[in-house]
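S.K.: Dropping the structure in here first, questions after.
Any read-out appearing in this document is the output of simple, stated calculations on the displayed coordinates, not a laboratory observation. Just so it is clear, the model here is predicted, and its values are computed rather than measured. Reconstructed Cβ throughout: ideal geometry from the backbone, glycine too, with neighbour counts over all protein chains shown.
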Amino acid sequence: MVKKASLAGLLGLLLVVVIGMTVRSVAAVSPLQPMVKAAALPTIHESVGQFLTPIRADGRSVSFGLPTDFAVASASTVAQSAPNYVPREEIALADPSNYGDRYLTDAYGRPIQNDFVAVLHETVGSARSAINLFQTHHPRDADQVSYHTLIARDGTVIYIVPPEKRAYGAGNSVFNGPNGPETVTTNPAFPPSINNFAYHVSLESPADGRGNSRRHSGYTQAQYESLAWLLARTDIPDNRITTHQSVDQSGSRMDPRSFDSQRFFALLRRYPTRVAQRS
Ligand SMILES: [Zn+2]
C-alpha cells in the first residue's frame, strides 16, 4: 500500500527547496509564501498524485496548461477487490478569480502543517448553476467562491479547482479533529479558515432542496457511490472527512442537509485502501 509522506514533511521539504530557488514574484511582494510549481519539484498534488488525481488528461486540460493536475489515476491505487463502480467525469474549471494558492506559511510567517481534510457541501441550486457561478469572473473578495469537485445527481464527478489550489469553500471555519482545533489565517482582514488545507466536495441538491428548509429528499445512490469512489482516491483518513456545517463558525451553514454518513462510510470502506479504518 502506498503511503504518502506527511504533509508536514512535504511542506518542510518544499520550503527548503523553494528557499534555494527563484520563485514567482508574488512571493516577493507577499508575506505569505504560496506553494509554487518549480521545475523538477512535485507540487503537493503530484506528490499525492496516485490518490488525488482523479481524471484522465484530455484536450481541454492540456490547453489550460494543467495536464499534471488532471493526470491519469494510477491503476495501482485501486486493488483488485475494489468495487467495479466507475463514474462519468468532466472538467469544468473555475475562473481563476474564484480560487487561489495553498500557502506554506500563514499571515504571520508561521509554517502551515495541517494535513488535508475533506469537506462535504451541497449546491442548493443545480450543478449547472453552481458551475456557471464558479466560471464567472469575481473581482470582489466577497463574491469569490468555489469547490474543488462537484457530484451531479447522476453521479458525474465534475472537477472545478485543481486539488493543489485553494478553493474558497468555507470561510470563517475551524476543523475540530483528533489533533484539536485547526484553522489558518492567510489574510488578517478575514476570519481564519480551513480552506488552505481543505479538499471541498459538493453534492448537487435535489429539486426539493432549492430553498432553505432544514431537510430535503437527499442524494442519489450514484452520488454516494461517486463520493466514495472519489475519496477512496485520496489518503484523507475517515476522521478528517467532515461537513461544512461542522466546520462553519458563522452559524449559518447547514450543508450537506439530509446527508446519510453511515451510508457513505459503508460504501467508502468497501475500498481496500479504506478497510483498515473500519472500527
Ligand atoms: Zn457549503
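S.K.: Pull up all non-local amide H partners of Ile241: gap of 5 or more, or a different chain, and H-to-H distance under 5 Å with H placed in the peptide plane.
M.R.: The list, which skips near neighbours in sequence, is Ala118.
S.K.: Compute the distance from the alpha-carbon center of segment 89-141 to that of segment 146-187, in whole Å.
M.R.: 7 Å
S.K.: I'd like the antiparallel share, as a percent to the nearest 5, of DSSP beta bridges with both residues in segment 137-253.
M.R.: Values: 8 of 11 bridges.
The antiparallel fraction comes to roughly 75 percent.
S.K.: Taking the simple approach of a point 7 Å from Cα along Cα-to-Cβ for both Arg263 and Ala92, what is their distance in nm?
M.R.: Between Arg263 and Ala92, the simple spin-label model gives 2.2 nm.
S.K.: Another question, then. Using each residue's phi in segment 86-102, evaluate 6.51 cos²θ - 1.76 cosθ + 1.60 at θ = phi - 60° and report the 3J(HN,Hα) Karplus result to the nearest Hz, with x for Gly and Pro.
M.R.: Using θ = phi - 60°, the values come out as 9, x, 6, 10, 9, 10, 9, 4, 6, 4, x, 5, 9, 8, x, 7, 7 Hz.
S.K.: Scan around Val124 for amide H atoms under 5 Å from its own, H built in the peptide plane at 1.01 Å from N, and keep only partners 5 or more places away or cross-chain.
M.R.: Ser205
S.K.: Per residue of segment 106-114, what does 6.51 cos²θ - 1.76 cosθ + 1.60 with θ = phi - 60° give for ³J(HN,Hα)? Whole Hz please, x for Gly and Pro, Karplus curve as stated.
M.R.: Those phi angles translate into 8, 5, 9, x, 7, x, 9, 10, 6 Hz.
S.K.: Normalised radius of gyration for segment 209-279, please: alpha carbon Rg relative to 2.2 N^0.38 Å, two decimal places. Spell out each step's value before the answer.
M.R.: On the way: Rg = 13.4 Å, N = 71, 2.2 N^0.38 = 11.1 Å.
Normalised Rg, Cα atoms only: 1.21.
S.K.: If you plug each phi of segment 173-190 into the Karplus form 6.51 cos²θ - 1.76 cosθ + 1.60 with θ = phi - 60°, what whole-Hz ³J(HN,Hα) values come out, in order, with x for Gly and Pro?
M.R.: 9, 9, 9, 9, x, x, 9, x, x, 10, 6, 9, 9, 10, 9, x, 7, 10
S.K.: Kirkwood Rh and Cα-based Rg: tell me the resulting Rg over Rh for segment 144-279, rounded to two decimals. List each step's numbers first, then the result.
M.R.: Numbers: Rg = 15.0 Å, Rh = 15.8 Å.
Radius of gyration over Kirkwood radius for segment 144-279 works out to 0.95.
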